[in-house]
Amino acid sequence: MESSGLEGKVLEMFEVGPCESAYQMGFLIGQRFSNLIRSRLARDFILQDQLLPFAQTPLAQPLLKALADNNKKKFPSYWDELIGTAEGSGVPVLHIILINFRKEIVPFLAKNKLISTADSPDDCSDVLIVSDSMAMVAHNEDANVALVGHTYGLLYLIKGMLSNELSFIAYTYAGELPSCAFGFNSHGLAFTLNSVPPVEDEIVAGGVGRNFISRDLLEASGIDDAVTRIHSSEASVGHSYNLIDIRTRKILNVETASMNRISVREVGATPFFRANMYLHLPVQQVQDDNSVSRQRRALVLPKTSKNEFLSLLGDMADAKYPIYMTGPILYTLCTAVIDLDEQTFSIIEGNPKKGEASHIFTMSSKEFKMPQ
């Protein structure tokens, strides 16, 4: 198995809730993972070298205030959860705010002062299909070394149990709201995410953050409710959402942009691959050679079976822009596989064409028990 330098540590899962408040849930998560959160903050080059210095400038104050005010107003409970995470882990609230709003702040940093990796995209790849014989999503979670260093242990799984009896599992970056990567809940609704790169003119300063929107998706009652939540989110920066509903055997790809622009495409029998670029919402976007290369490579690879999906996501044929990434800047942390017919959610560590699942959850069970 190829080594990215990010394997070798067990992905921990923390069960939390039901809690008396969102603040308490965040506090308990922060307390449980205090060491990981502190380590992540210390190793996060973008936070240390860019966001913290920027936060001390007069230019930053109105932006940070708008982000805080608008997100607190839109999602008060998730804001309380974020504050709880900071106070539970014993780190400055400002640091937790900055890492959760990184995507909404980085576009406003002076380009001549950016470190080389600060505005490099966090690339993810997905391949999706709903045919008579197969319904599944496979997702590579890729991250920038500037965010997480070389330590895989700066991530964890949260199993959240809410007072309304909803429960969810979310793959979570240390210190961030669950989940800006992928997750699912006891309503049979799952999602994976892909960054997209709109140009600066397409970004609304001080809008709702993508971490808050994806946190909200963990509480969606179904795929239609998830689309409604995305559409009404008033996002600052665009994003791409892959929504999966095991109850209706349905997958949607939803592309968004600021000013509540949205495009919804239902996935069918033709395999749908997406990297990190807008494919169906007309938005001016930054040219991303990495995504273009991955889209072209995926086009010629076979996609007729589950094994071929995993081989595609493990492909390293393009030395400069491989689909499965092993550095030096971008790394594939893991692969999530959602099988709508088996109703399972699996996480594979290492190259997916060779690796075995480290976690397998049964989505049809409220307890998400792993199959025996």
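The values are calculated or read from the model by the stated rules, or taken from the named source; none is laboratory data. Every value quoted in this text rests on a predicted model; they were computed, and no experiment measured them. Quick reminder, even Gly has a Cβ in these numbers, built from the backbone with ideal geometry, and neighbours come from all protein chains shown. Calculation scope for accessible area: heavy atoms of the full protein, side chains included, ligands and nucleic acids excluded. Shrake-Rupley method; radii C 1.70, N 1.55, O 1.52, S 1.80 Å.
Quick one: how many residues across segment 341-367 are within 20 Å of the chain's Cα centre (by Cα), assigned to a loop (DSSP other than H, G, I, E, B) and either over 21 Å from CYS124 (Cα atoms) or among the charged types (D, E, K, R) (or both)?
Qualifying residue count, segment 341-367: 2.
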Criterion (closer than 22 Å to ILE223 by Cβ and of a type outside the set (Gly, Ala, Ser)) met by exactly one of THR270, THR304: THR270
Cβ-Cβ under 8 Å pairs, at least 6 apart or on other chains, segment 322-340 side over 14 Å from CYS124 (Cβ atoms), far side among the acidic types (Asp, Glu) and assigned to a loop (DSSP other than H, G, I, E, B): THR326/GLU2
Residue ID - nearest to the chain's Cα centre (by Cα), chosen from residues in segment 266-297 that are charged (D, E, K, R) and crowded, with 16+ Cβ neighbours inside 10 Å: ARG274
Residue count for segment 51-100, restricted to those that are buried (at least 17 other Cβ atoms within 10 Å of the Cβ) and modelled with pLDDT under 95: 0
Subset of segment 21-72 (residues that are of a type in the set (Ser, Thr, Tyr), more than 16 Å from PRO92 (Cβ to Cβ) and touching a residue at least 40 places away in the same chain (Cβ under 8 Å)): SER21, TYR23
Residue in segment 3-18 that is open to solvent by less than 10 Å² (accessible area, probe 1.4 Å) and among the acidic types (Asp, Glu) present: no
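For segment 319-333, how many residues meet the condition of being at positive phi and not small (Gly, Ala, Ser)?
Total meeting the criteria: 0.
Looking only at residues that are charged (D, E, K, R) and in a helix (DSSP H, G or I) in segment 31-66, which one is farthest from LEU155 (Cα to Cα)?
That would be LYS65.
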Counted residues, segment 264-291 - those being assigned to a helix (DSSP H, G or I) and more than 16 Å from SER240 (Cα to Cα): 2
Residue satisfying all of: in segment 101-152; among the charged types (D, E, K, R) and at pLDDT below 85; farthest from LEU189 (Cα to Cα) among these: LYS113
Positions within segment 179-204 being of a type outside the set (A, V, I, L, M), free of Cβ contacts under 8 Å to residues at least 60 places away in the same chain and within 21 Å of ILE97 (Cα to Cα), in sequence order: SER179, CYS180
Considering residues of segment 223-261 that are in contact with a strand residue (DSSP E or B) (Cβ under 6 Å, 6 or more places away or on another chain) and surrounded by fewer than 17 Cβ atoms within 10 Å (Cβ to Cβ) only, the residue nearest to TYR78 (Cα to Cα): GLU234
